[in-house]
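Participant: Let me give you the structure first, and then I'll get to my questions.
The values are calculated or read from the model by the stated rules, or taken from the named source; none is laboratory data. Here the structure is a predicted model, which means the values were calculated and not measured. In this analysis, Cβ positions are derived from the backbone assuming ideal geometry, glycine residues included, and neighbour counts consider all displayed protein chains. Just so you know, the surface numbers come from the protein's heavy atoms only, side chains and all, with ligands and any DNA or RNA stripped out. Shrake-Rupley method; radii C 1.70, N 1.55, O 1.52, S 1.80 Å.
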Amino acid sequence: MTGTQRREQLIEIGRALFAERGYEATSIEEIAQRAHVSKPVVYEHFGGKEGLYAVVVDREMSRLLEMVTSSLKQNRSRIRVERVALALLTYVEEHTDGFRILVRDSPVAAPDGTYSSLLNEAIGQVGHILAGDFSRRGFNPDLALLYAQALVGMVSTTATWWLDARTPPKEVVAAHLVNLCWNGLTNLEADPQLGTDLPRTTPQ
């Protein structure tokens, strides 16, 4: 096995173990054992568990970010929403280990390679799209980021739930997400008000 092949093998083994057990419960000893190599070989390629984890997270972030951002840059607004929802669910389906790693808390080794940073990227792009739409419809574009947070959070939370549920099929889940998102956006009120009387709070 060449050095490049060995590195790829260790990355795949590391990804599987991190997804299965989490960062803290995974050891260099077990990674080396599964690869049938000594611990120094793992250290030689990655410098330690932190280095291997950082590579795994970086690869998964790049893959997911490309799938999500490419879906945001194409087609009309409704198609964008459909493509984003389906892209995230497809990633969950095809790269389950990677998604399990990304949604867990990341160690200090990868402060920028976290699921939350990807969501922030998506929120920024969706906010930009919504701001233009709001301006054209006479709504306050300053509220676009609030709506982007809500939309991306809804899709992300549903994808996390679907990680284990896996039913209904991803196309059905995406269709229902779009139904809620799009019909909500289509019928937005320019100045929404709460319809109930809220109890007054007494100053402390």
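Participant: Mind listing just one residue for me: the one in segment 16-27 that is among the aliphatic types (A, V, I, L, M) and free of Cβ contacts under 8 Å to residues at least 24 places away in the same chain and, of those, farthest from Asp97 (Cα to Cα)?
Facilitator: Among those that are among the aliphatic types (A, V, I, L, M) and free of Cβ contacts under 8 Å to residues at least 24 places away in the same chain, it is Ala25.
Participant: If Leu188 satisfies every condition in (1) without any contact (Cβ under 8 Å) to a residue 12 or more places away in the chain; (2) open to solvent by less than 60 Å² (accessible area, probe 1.4 Å) but one, which is the exception?
Facilitator: Every condition holds for Leu188 apart from (1).
Participant: Next question. List every residue pair whose Cβ atoms sit under 6 Å apart, with the two residues 6 or more apart in sequence or on different chains, where the first one lies in segment 29-56 and is over 13 Å from Glu8 (Cα atoms) and the second, anywhere, is assigned to a helix (DSSP H, G or I) and open to solvent by 90 Å² or more (accessible area, probe 1.4 Å).
Facilitator: none
Participant: Hey, among Val92, Val56, which residue is farther than 28 Å from Leu180 by Cα and part of a helix (DSSP H, G or I)?
Facilitator: Val56
Participant: Further question on the same structure: Select from segment 61-103 the residues that are β-branched (Val, Ile, Thr) and either in contact with a Phe, Trp or Tyr (Cβ under 9 Å, 6 or more places away or on another chain) or open to solvent by 60 Å² or more (accessible area, probe 1.4 Å) (or both) and list them in ascending order.
Facilitator: Across segment 61-103, the qualifying residues are Val68, Val81, Val92, Ile101, Val103.
Participant: Now for a different question. Quick one: in segment 1-20, of everything that is surrounded by 12 or more Cβ atoms within 10 Å (Cβ to Cβ) and among the aliphatic types (A, V, I, L, M), which residue is farthest from Ala35 (Cα to Cα)?
Facilitator: Ala19
For (1) touching a residue at least 24 places away in the same chain (Cβ under 8 Å); (2) small (Gly, Ala, Ser); (3) more than 29 Å from Leu52 (Cα to Cα); (4) not in a helix (DSSP H, G or I), each residue gets a yes or a no:
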{"residue": "Ala87", "(1), (2), (3), (4)": "no, yes, no, no"}
{"residue": "Phe99", "(1), (2), (3), (4)": "yes, no, no, no"}
{"residue": "Ile129", "(1), (2), (3), (4)": "yes, no, yes, no"}
{"residue": "Ala144", "(1), (2), (3), (4)": "no, yes, yes, no"}
{"residue": "Tyr147", "(1), (2), (3), (4)": "yes, no, yes, no"}
{"residue": "Pro168", "(1), (2), (3), (4)": "no, no, yes, yes"}
